[in-house]
Amino acid sequence: MMGYISAAIVPLMFFGIILFGFIKRVKIFESFVLGAKDGLETSFRILPSLVALLTAITMFRASGALGIMTDFLSPVLELVRFPKELAPLAFMRPISGSGSLAIVKDILSNYGPDSFQGRVASIMMGSTETTFYTLAIYFGCVNVKDTRYTVKAALLADLVAMLTSVYITRLFFY
């Protein structure tokens, strides 16, 4: 029975939206075309920010800077009991979802999904955000130049989530 209900949800929502449009006397097709046009214009407006961000991420990983940064900060990481193996994920996660996903894949391949590192990486992926990517999309879309405290607050939230993911894993699994 649940299979039929879950299979019907999307078509019912689609039908409901069209029905609501008819009731409100909205020109449905014209509204859809206008929305698609606005979406394409937005995509073209934010494309330069995305290209710059993806280029910087690729250069950062390929240059070896990520490894150098991890080695440089390893004493601080040991002090707060943050595993050195997870540092590349902690650095990459605020920048790139696909880059951090590749790092998680490596962590899970090397240590296993039920290992401490695998569990922390999984929790970290679920509790943090690709901050710079998200800000590039949202602020680039509406041409915001002054982000004020947004970047600092978002990075602080990511840092807290990363440290908490280590703590929670130790608390519940070890």
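Annotations for the structure displayed:
- Whichever residue in segment 67-95 is touching a helix residue (DSSP H, G or I) at 6+ places or on another chain (Cβ under 7 Å) and farther than 27 Å from Phe173 by Cβ and, among such residues, is surrounded by the most Cβ atoms within 10 Å (Cβ to Cβ): Ile95
- Hits in segment 165-174 - residues which are within 15 Å of Phe82 (Cβ to Cβ) and in contact with a helix residue (DSSP H, G or I) (Cβ under 7 Å, 6 or more places away or on another chain): Ser165, Val166, Ile168, Thr169, Tyr174
- Across segment 126-136, the qualifying residues are those that are touching a helix residue (DSSP H, G or I) at 6+ places or on another chain (Cβ under 6 Å) and of a type in the set (Val, Ile, Thr), and the one among them that is modelled with the highest pLDDT is Thr128.
- Residues that are under 13 Å from Ser122 (Cβ atoms) and aliphatic (A, V, I, L, M) within segment 64-112 comprise Leu86, Leu89, Leu101, Ile103, Val104, Ile107, Leu108, listed in sequence order.
- Selection count, segment 1-25, where residues are modelled with pLDDT under 90 and not in a helix (DSSP H, G or I): 1
- Members of segment 18-60 found to be in contact with a helix residue (DSSP H, G or I) (Cβ under 7 Å, 6 or more places away or on another chain) and either under 20 Å from Cys141 (Cα atoms) or acidic (Asp, Glu) (or both), listed by number: Thr42, Arg45, Ile46, Ser49, Leu50, Leu53
The values are calculated or read from the model by the stated rules, or taken from the named source; none is laboratory data. All figures in this text were calculated on a predicted structure; none of them were measured in a lab. Heads up, the Cβs are rebuilt from the backbone with ideal geometry, glycines too, and the neighbour counts pull from every protein chain shown.
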